[in-house]
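Student: Just dropping this structure here.
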Amino acid sequence: MSFPITRHRRLRGTAGIRGMVRETVLNTLDFIQPIFVTYGTGVKNEIGSMPGVYHFSLDMLKAEVDEIAALGILAVLLFGIPETKDAIGSSGFADDGIVQEATRLIKQWYPELLVVADTCLCEFTDHGHCGMVHTHVVDGVVHGDVINDASLELLTRTAVSQAKAGADIIAPSNMMDGFVQAIRTGLDENGFEHVPIMSYSVKYASAFYGPFREAADSAPQFGNRKTYQMDPANLREAIREADSDVLEGADMLMVKPALAYLDVIRTIRDQFDLPLVAYNVSGEYSMVKAAALQGWIDEKAVVLEMLTGMKRAGADIIITYFAKDAARWLRG
Ligand code: PBG
């Protein structure tokens, strides 16, 4: 055999050498664990389409947060299911709203644990859209769309009330135009200039959010989100969205969902220097859980491979319903 011959297998021969040349290493510090908080007492209900994920009433929340903190996870992302909904989502920006109350409790229990507040209205509006809508009825069918600029005012109130309650990071997921600037201005005017904005910059109108909408009771009651969330077919548009958010003052960028959008993660990583978050969304979780429950895949191996793929694609931070599991597995 003539020389040189490249023997790639030399670097794969033992666990030791594979460890030495590994390019991407997952770390528990990379993960954010989402939590669904709800009204009422004594509630710890498993979400049907998301085995292992629960709705917690505030009196049942402590054990969950204890577990997250003990695993060394740095941050939680809060979603709220309110007792009452209305056209403008006022329970989303009430000082005694469910997310605000949960934030206060968590910060009291664990001052060091970062509370990230998802800033959106779809969980709080009776129509399930992410802002204020105007509607008209044709032949008994409701049509309508979200009004951009009027919604910004409500979203800003929501972000400010979340920061007042002690949220460490504001994560607006509503996809209105100008939301980062509006929220940045509102936070600054209220003395929260130190609170970072983790912008859901590149958020696609994705079928992978299906289980979340059951979990958050936030399915749109008419129409869909395609007039504000992005078309899954578009990559260059992702750069324009991220560009706007940078100009408007975002501190972190996000791509959502993750699995079907690894090229988008890579592109945003290559073109922007801000910390980049990947959101491993509900449908991505449910698919793995369903297959694992059937015994069709090795859940641990599949999850760690997926999360590694997201990090290899360029994500610095991963929001995932698997955060607790992954933290446990990484401990060995
Ligand atoms: C709120 C919001 C959604 C998700 C996060 N924030 C739902 C949506 O846009 O319909 C989805 C999260 C998931 O699927 O895990 N706008």
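Student: For the stretch 222-246, how many residues meet the condition of being polar (S, T, N, Q), surrounded by 14 or more Cβ atoms within 10 Å (Cβ to Cβ) and over 17 Å from the mean Cα position of the chain (by Cα)? Spell out how you get there, then give the answer.
Tutor: Here is the first cut: in the stretch 222-246, the ones polar (S, T, N, Q) are 224, 227, 229, 234, 244.
Next, only the ones that are surrounded by 14 or more Cβ atoms within 10 Å (Cβ to Cβ) stay: 229, 234, 244.
Keeping just the survivors that are over 17 Å from the mean Cα position of the chain (by Cα) gives 234, 244.
The number of residues fulfilling the criteria is 2.
Student: Taking the stretch 247-258 only, how many residues are crowded, with 18+ Cβ neighbours inside 10 Å and part of a helix (DSSP H, G or I)? First the steps, then the outcome.
Tutor: Pass one, the stretch 247-258, residues crowded, with 18+ Cβ neighbours inside 10 Å: 248, 250, 252-258.
Within this subset, residues satisfying the condition of being part of a helix (DSSP H, G or I) are 248.
So the count comes out to 1.
Student: Having 1 or more residues that are under 19 Å from the mean Cα position of the chain (by Cα), surrounded by fewer than 23 Cβ atoms within 10 Å (Cβ to Cβ) and in contact (Cβ under 8 Å) with a residue 40 or more places away in the chain is the bar; report the strands (runs of 3 or more DSSP E) wholly within the stretch 78-150 that clear it. If you could, list the steps in order and put the result at the bottom.
Tutor: Numbers: elements: 114-119, 133-138, 141-146.
Here the list reads 114-119.
Student: Could you run through the stretch 170-183 and say how many residues are outside any loop (DSSP other than H, G, I, E, B) and either without any contact (Cβ under 8 Å) to a residue 12 or more places away in the chain or within 14 Å of the ligand (Cβ to nearest atom) (or both)?
Tutor: Summing the residues that are outside any loop (DSSP other than H, G, I, E, B) and either without any contact (Cβ under 8 Å) to a residue 12 or more places away in the chain or within 14 Å of the ligand (Cβ to nearest atom) (or both) in the stretch 170-183 gives 4.
Student: Does T41 satisfy being closer than 24 Å to M287 by Cβ and in a loop (DSSP other than H, G, I, E, B)? Working first, answer last.
Tutor: Numbers: closer than 24 Å to M287 by Cβ: no; in a loop (DSSP other than H, G, I, E, B): yes.
No.
Student: Okay, moving on. Here is a check on your reading of the model: is G210 within 11 Å of the ligand (Cβ to nearest atom), touching a residue at least 60 places away in the same chain (Cβ under 8 Å) and not in a helix (DSSP H, G or I)?
Tutor: Values: within 11 Å of the ligand (Cβ to nearest atom): yes; touching a residue at least 60 places away in the same chain (Cβ under 8 Å): yes; not in a helix (DSSP H, G or I): no.
Answer is no for this residue.
Student: Moving on to the next point. Scanning for something surrounded by fewer than 19 Cβ atoms within 10 Å (Cβ to Cβ), within 23 Å of I88 (Cβ to Cβ), in contact with a helix residue (DSSP H, G or I) (Cβ under 9 Å, 6 or more places away or on another chain) and not hydrophobic (A, V, I, L, M, F, W, C), does the stretch 200-211 turn up at least one residue?
Tutor: No, because not a single residue in the stretch 200-211 is surrounded by fewer than 19 Cβ atoms within 10 Å (Cβ to Cβ), within 23 Å of I88 (Cβ to Cβ), in contact with a helix residue (DSSP H, G or I) (Cβ under 9 Å, 6 or more places away or on another chain) and not hydrophobic (A, V, I, L, M, F, W, C).
Student: Would you confirm whether or not the stretch 272-290 contains a residue that is closer than 13 Å to Q33 by Cα, basic (K, R), within 21 Å of the chain's Cα centre (by Cα) and within 16 Å of the ligand (Cβ to nearest atom)?
Tutor: Taking every residue of the stretch 272-290 in turn, none turns out to be closer than 13 Å to Q33 by Cα, basic (K, R), within 21 Å of the chain's Cα centre (by Cα) and within 16 Å of the ligand (Cβ to nearest atom).
Taken together, the values in this text are just the output of simple stated rules run on the coordinates, not laboratory data. Predicted model only: the values in this text are computed from it and were never measured. Don't worry about glycine lacking a Cβ; one is built from the backbone with ideal geometry, like all the others, and counts go over all protein chains shown.
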